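The values are calculated or read from the model by the stated rules, or taken from the named source; none is laboratory data. Computed from a prediction, not measured in an experiment: that's the story for all the values here. Every residue, glycine as well, gets a Cβ built from its backbone with ideal geometry; the counts of neighbours run over all protein chains shown. Remember, those area values only see protein heavy atoms, side chains included, never the ligands or the DNA or RNA. Shrake-Rupley method; radii C 1.70, N 1.55, O 1.52, S 1.80 Å.
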Amino acid sequence: MTPLWLRRSFLCASAAALLSGCASVRVVDSQVQSWSTLTAASAPPTYRLEKLPSQQTAEKAFAPIEALAHQSLQRAGLRRDDAGARLVAQVGVRASTALPDWPHYPPMWGWGVGWNGRPGLRAGMMLREMPPTLHRREASVVLRDAATQQVVYETSALHEDVWTDDPALFGVLFDAALSGFPQPPAGPRLVRSVLPR
C-alpha cells in the first residue's frame, strides 16, 4: 500500500503541473468587425505597407508594430511585394486605459456604538477596493486596390483586459482582425486566440 505522504506528494506535483500548463498560455477574446468587397484574394496576393505620417515620424516606436502586421498579413495569405503590390495596406493600433464600472456595496446594518457612546442599530458603508485598471487595445487594417485606390477591405479587433502585453498582444489582434480574409463573416463577431506567455 502506498504511504499517505507519497500519495499527497504525487497529488501536489500533479496539481502544480496542471497549473503551470494552464499558465503557459493566455486566451485572448477579441471583438472583431470586418467589411470586404473582395470575392477572392488578388492574384497574385501581393501587398505593400503604406505608413501614415505619424507612423513615419515615430518610425523606431512603430517598427515592432509594423513587424507584427507583416507577420499577420502573411499568415492571412498575402505576400509582401513593395514593387509589384496589388494591394496597399494601412495598419493602426491604439492603446488606452480606464477604470471599469465596479459594483458598489450596499449599506451594512449592524450593532455598534454611536457618536453618543450608546449602543444601538447603526448603518455604515463597507469600504471597497479600487477597481483594476482596464487596458483597451485595438488593431485595424485597411486594404486598398493599388490601381484604383478604392478600399476593398476594412477590419478591426478590440480587446479589453486587466492584463497588458504590448506589443505582443497587437500581433494577436492583427491575426484576429484578418481572420476570415478575404470573405469574413458579416457583422460583429468574437474571435478567440491563444497568446503564449
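Couple of notes before you dig in:
- Among (1) open to solvent by less than 60 Å² (accessible area, probe 1.4 Å); (2) modelled with pLDDT under 95 - the single one Met1 does not satisfy: (1)
- Selection of region 79-100 for residues being without any contact (Cβ under 8 Å) to a residue 40 or more places away in the chain and under 20 Å from Gly171 (Cα atoms) yields Arg79, Arg80, Thr97.
- Within region 128-197, strands (runs of 3 or more DSSP E) holding 2 or more residues that are at pLDDT 95 or above, over 9 Å from the mean Cα position of the chain (by Cα) and buried (at least 18 other Cβ atoms within 10 Å of the Cβ): 134-145, 151-161
- Test: residue in region 28-50 that is among the basic types (Lys, Arg) and assigned to a loop (DSSP other than H, G, I, E, B): no
- Filtered by the rule that a residue be under 20 Å from the mean Cα position of the chain (by Cα), closer than 15 Å to Val142 by Cα and not in a strand (DSSP E or B), region 75-99 gives a lone residue, Ala76.
- Within the set Ala67, Ala95, Ala41, the sole residue that is under 23 Å from His159 (Cβ atoms), modelled with pLDDT under 95 and open to solvent by 30 Å² or more (accessible area, probe 1.4 Å) turns out to be Ala95.
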